[in-house]
Amino acid sequence: MPENKDKEEEKPIVAKTAIDLQRLKLQKLMKNPEKPIILPERPKPKNTPTVPEFVRNVMGSSAGAGSGEFHVYRHLRRKEYARQKFIQEKGHKELLDEEYHRKITENKRIAEEITAKKRAKRLRKKEKWKQKKRIKTKNVEQHNKNENSNSSEESLDEEETSDKNNHDLEDTFNKEVKNISNLKDSDENNTDQNKLHSGINCSKENNSDIVSKILDNQSEQSNYPINISKNKNDDSEKMCTNINDSTS
């Protein structure tokens with residue numbers, strides 16, 4: 001029984017796909033992970049074969065060449081063909097390398113031109129964006145300045161209007177005060193004039209009293225008219241006393 005198991009385990013597994021083949025390789029590597037892996041070295045480049053030496057004393061056909069000379073000739077011919085083939089392959093390889101490098105340089109040039117165009121386009125776009133931003137900031141600053149100037153002008157206008165209103169109010173107040181003072185002065189003048197008139201009237205009445213007294217003293221016969229004058233003088237004295245009391 002154990003032998004049959006070993007035989008079953010030793011049966012080869014056929015890899016049907018590339019995945020199976022990769023799996024088998026990995027399993028083989030992981031069976032002994034301590035085993036060192038030998039990496040093959042790169043093949044060394046072939047050196048140019050040396051030019052064959054000039055063969056001297058070559059026997060011609062008329063001299064009766066030996067049987068070994070043909071093999072020497074064939075060997076030399078093979079070496080010459082190999083040398084020429086190597087030279088041709090080397091030249092072809094150099095041409096391919098030159099073409100490869102030329103294509104690389106061309107691709108680099110094209111890529112640099114494309115990047116330069118894109119860079120220039122990007123820089124132009126950036127410059128336009130910066131210019132638009134500058135214009136926008138300038139417009140905003142100008143708008144702010146205009147608003148500030150308008151607000152200052154409005155404030156100045158308001159101050160001027162308020163000053164004008166204050167001056168007008170002061171003028172009106174002063175005018176009213178003047179009018180009131182004028183009215184008071186006029187009232188005082190009227191009262192003074194009234195007083196003067198009343199004083200004049202009183203003096204006239206006093207004079208008339210004096211005259212009436214003189215007449216009373218002189219005339220003793222005519223009593224009736226003198227009494228009338230006396231009554232008038234008494235009324236005038238009462239009026240004068242009333243006026244003097246009101247003024248005092």
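A few points about this structure:
- Within segment 68-76, one or more residues are at pLDDT below 90 and part of a loop (DSSP other than H, G, I, E, B).
- A single entry from Gln131, Gln88 fulfils the requirement of being surrounded by 10 or more Cβ atoms within 10 Å (Cβ to Cβ) and farther than 30 Å from Pro45 by Cβ: Gln131.
- Note on segment 1-28: residues that are modelled with pLDDT of 85 or more and assigned to a helix (DSSP H, G or I) total 11.
The values are calculated or read from the model by the stated rules, or taken from the named source; none is laboratory data. Quantities reported herein were computed from a predicted structural model and do not represent experimental measurements. No Cβ is skipped: glycine too gets one built from the backbone with ideal geometry, and neighbour counts run over all protein chains shown.
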